[in-house]
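Below you'll find the structure, written out as C-alpha cells, and then a few comments.
The values are calculated or read from the model by the stated rules, or taken from the named source; none is laboratory data. Because the structure is predicted, anything quoted here is derived from the model rather than measured. So basically every Cβ, Gly included, is an ideal-geometry build from the backbone, and we count neighbours across all protein chains shown. The area values use the complete protein model at the heavy-atom level, side chains included, leaving out ligands, DNA and RNA. Shrake-Rupley method; radii C 1.70, N 1.55, O 1.52, S 1.80 Å.
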Amino acid sequence: MNLFKAFFQSEKSSGFILIGCTIVSLLVANSAAGDSYVAFFQKHIDLSFAGLHLNHTIAHWINDGLMSIFFLLVGLEIERELYVGELSTMKKALLPIVAAAGGMLVPALIHFLLNKGTNTQAGFGIPMATDIAFALGILSLAGNRVPLSLKIFLTALAIIDDLGAISVIALFYSTNFSIGYFAAAIGIFILLYIMGRTKVYHLALYLLPGIVMWYCMMQSGIHATIAGVLLAFAIPFPRLRVRKNPSWRLQHALHLPVAFIIMPVFALANTAIQIPSNAIDGFATNNSIGIMGGLLAGKFIGIMLFCLVAVKLKLATLAEDISWKALAGVALLAGIGFTMSIFIANLAFANEAVIIQSKLSVLVASVVAAVFGLILLNGLKTTPNVEKESNA
C-alpha cells in the first residue's frame, strides 16, 4: 500500500470516529451528567520535568500539548507533499494552491466584513480551514463515483489550508510575546534544521530538543503547537528507502495515535458544549453568520472562482477525470471546518459564550457542507478505475 493510500485510509477512518466522538460528547454534555463532564476538562494537572513546572487544565494540555503532536504530523504531511507528493512540482501544485487560496481568502473576508470593528472581528480565521479527516471520510461515502485524482486534490487543498491556518495562528493569535523565549525556540529550530541538512537521521536527536522548543514556544506567547510544525520541517526527508527516512518513519508512527487517540480526545474535550437556551438566537449574530457563511458560501465561491480563473487563464488545468461538477462537490466538502476551526475559535475569543456559539456554528456549517457535498458527489457517474494506485 503506497503512502497516499495509507494516508487516505487512516484519515477516512479518523473522520468517522471524529463524528462519533462529537455526537457522544454533545449528548453527554447535555445530559444529567453534563456538569461533571464539562468540569472534568477544567481540572488542573501539574507536571514537572527537568526543573520546569507547568500547571494547566486538562483542556489546555490537550489543546497545547497533544495538539502539538497533531501539528507535527500535519507538518510532516506537508513536507512529504513538497518532496514526493502533489506539491512536489509547480504543475501539480498550482491548482490546489489556487483553490486553497480562494478557500481561505473569501471566507476570511466574509467574516471580517460582517464583524469589522466589533469584539468578534478576531474570528476571521475560524472559517478559513478545512478538516482533512472529516472531509475525506465524507468523500469516501461517495464510493467509486470519486476518482483517485479528486481525493488527492482535496487532500492537497486541505494540507495547504492547514499551512495557511498555521500561519494565521502564528501571526494573529499570539499573546504576551517574549523575545527571549522566542529566540530560544528559533535557535533550537535552526540547530535542528542544520542537523537535518548535514544528514543526521537519528530521530531521538530531534524529538528531545523538540520538547524544549515546544516549551520555549509556549512561554514566548506564540502558540505552542507552532513548535510541532517547525520540528517537522527540521526533520530531514532524504531520498532513501522509506525505512531509513526519518520523516517518513515518524509520520508513519504518528498516523494511528493521532487519528485514533489525539483527534478523538480533542473532539471530546472541545465539543463538551452545554447548548444554551438561546442558541438559536445566537446563530443570527454577525459572528455566527460570518462563520457559517464563510464555511458554506465562502469556501465554495472562493475555490470555484479561483479555479475557474486559473483554468481560463491556462495557469492550471483540471485532471482529465475531474469534472466541474466533481470539483463543486469538493468545494462544498471543503466547508467542513471542524478541528482547525474549533481550535482557532478557542484562540480568537476569551468570552466563553462566544466560543461556544462559534463552535456550534462550525458544527452546523460542517454538517450542512457534508450533506450537500455528498449529495452532489453521489450524482457523479461511477468511475471504474477509482482504485488505481497513486505514486504520491
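For the chain, return all DSSP H helices satisfying: extent of Cα atoms along own axis at least 18 Å; mean Kyte-Doolittle hydropathy at least -1.0. Show your work: numbers first, answer last.
Values: long enough: 3-29 (38 Å, 1.29); 67-84 (25 Å, 1.26); 90-115 (37 Å, 1.43); 148-172 (36 Å, 1.95); 179-197 (26 Å, 1.83); 204-220 (24 Å, 1.19); 299-312 (19 Å, 2.04); 352-378 (39 Å, 1.87).
Span-like helices here: 3-29, 67-84, 90-115, 148-172, 179-197, 204-220, 299-312, 352-378.
How many lysine pairs in the range 294-388, separated by 8 or more positions in sequence or lying on different chains, have Cα atoms less than 23 Å apart? If you can, show how the numbers build up before the last one.
Working: 299/312; 299/314; 299/325; 299/359; 312/325; 314/325; 325/381; 325/388.
Lysine pairs satisfying the spacing and distance rule in the range 294-388 number 8.
Checking the a/c ratio against 1.5 first, then a/b against b/c, what shape does the Cα gyration tensor give for the range 245-325? Intermediate results must be reported in sequence, preceding the final value.
Values: a/c = 3.53, a/b = 1.10, b/c = 3.20.
Oblate shape, in that a/c is at least 1.5 and b/c is the bigger or equal ratio.
Would you mind checking which residues have amide H under 5 Å from residue 57's amide H? H placed 1.01 Å from N; only 5 or more apart, or other chain.
45
Once you have a ≥ b ≥ c as the square roots of the Cα gyration tensor eigenvalues for the range 148-218, tell me rounded if a/c is under 1.5, and otherwise prolate or oblate according to whether a/b is larger than b/c.
On the way: a/c = 3.04, a/b = 1.30, b/c = 2.34.
Verdict is oblate for the range 148-218.
Amide H to amide H, which residues 5 or more places from residue 336 or on other chains are under 5 Å from it, using H placed in the peptide plane?
Under 5 Å from the amide H of residue 336 lie the amide H atoms of 131, each far enough along the sequence or on another chain.
Could you order peptides 247-253, 130-136 by the average number of other Cβ atoms within 10 Å of their residues, highest first?
Values: 247-253: 19.4, 130-136: 28.3.
Descending mean neighbour count gives 130-136, 247-253.
Run through the range 299-348 and list the trypsin sites (Lys or Arg not before Pro) located in a DSSP loop whose Cβ has at most 12 other Cβ atoms within 10 Å.
On the way: sites: 299, 312, 314, 325; in loops: 314.
When the trypsin sites (Lys or Arg not before Pro) of the range 299-348 are filtered for loop state and at most 12 Cβ neighbours within 10 Å, 314 remain.
If you roll a 1.4 Å probe over the chain with all protein chains in place, what percent of the accessible area is carbon or sulfur? Display every interim value, and only then the final one.
On the way: 11540 of 16940 Å².
Ligands and nucleic acids excluded, carbon and sulfur reach 68 percent.
Given charges of +1 on the Cβ of Lys and Arg and -1 on the Cβ of Asp and Glu, with all other atoms neutral, how large is the dipole of the chain about its Cα centre, in debye to the nearest 20?
Working: 23 positive and 17 negative charges, 244 e Å.
The dipole magnitude comes to about 1160 debye.
In square angstrom, what is the accessible area per residue of the chain with a 1.4 angstrom probe?
On the way: 16940 Å² over 392 residues.
Each residue of the chain exposes 43 Å² on average to a 1.4 Å probe.
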